1. Just the residues that are exposed (fewer than 14 other Cβ atoms within 10 Å of the Cβ) and part of a helix (DSSP H, G or I), please, taken from the range 20-56.
2. Does the range 64-80 hold any residues that are surrounded by fewer than 18 Cβ atoms within 10 Å (Cβ to Cβ) and of a type in the set (A, V, I, L, M, F, W, C), and which are they?
3. Scan the range 121-139 and give yes if some residue there is within 30 Å of residue 19 (Cα to Cα) and either crowded, with 18+ Cβ neighbours inside 10 Å or not assigned by TED's automatic domain parsing to the domain that holds residue 11 (or both), otherwise no.
4. When you go through (1) touching a residue at least 24 places away in the same chain (Cβ under 8 Å); (2) closer than 19 Å to residue 12 by Cβ one by one for residue 81, which number turns out not to apply?
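The values are calculated or read from the model by the stated rules, or taken from the named source; none is laboratory data. Nothing here was measured: the structure is a model prediction, and the numbers come from that model. Every residue, glycine as well, gets a Cβ built from its backbone with ideal geometry; the counts of neighbours run over all protein chains shown.
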Amino acid sequence: MSAQNTKVAQPYASAFIDMAGSSFPLDSIISDLNTVATTLTESFDLRKIINNPLVSSTSKKEIIKSIFTESLDKTTVNFLLVLCDRGRINCLKSIVTIALELGYKKASIDVAYVITSTEMSPSQQEVLITKLKAMTKTKEIKLNIKVNPSLIAGFTVQMGSKVIDTSVKGQLKELSTYLGASVN
């Protein structure tokens, strides 16, 4: 996310969380935002259309309505339409990311950013959540998992400023630092 996108996205994300929070429950807001985030991740065509300046705002609004009217709360759909009207729908990914962070913070949910070498099974995720809860004394944790095969094995977890690196790559890097070598 670029600094410019963050600068534009922050006020919209804050406004949405504040506005929606007064209209419907926070868990519904978070659910809607996750639906939008998943749809954006899975649909290259949608990303291409909303980022294309040659596609009119009216066309973008019709596409947004056709995709999200059935699955999202009316308030969320209206917010997406406002983004189209204001010419900010191209910042949707950044806005949703920041709004999710704000929503989680408001709901007292900590987000753990996990990078793993392979997919984690649901039982592995549960074990990780349990261990992270015990380490951080947090009541609720949401995992944001990304797979990066270059880790070779293991995973890294970042929660706020804390980083836990159990990957082979991280261990090799630590060993090389200890030995005075450099490894990339």
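1. If the condition is that a residue be exposed (fewer than 14 other Cβ atoms within 10 Å of the Cβ) and part of a helix (DSSP H, G or I), then 22, 23, 27, 38, 41, 42, 44, 45, 48 are the ones that fit.
2. 67
3. The answer is yes; a qualifying residue exists.
4. The number of the failed condition is (1).
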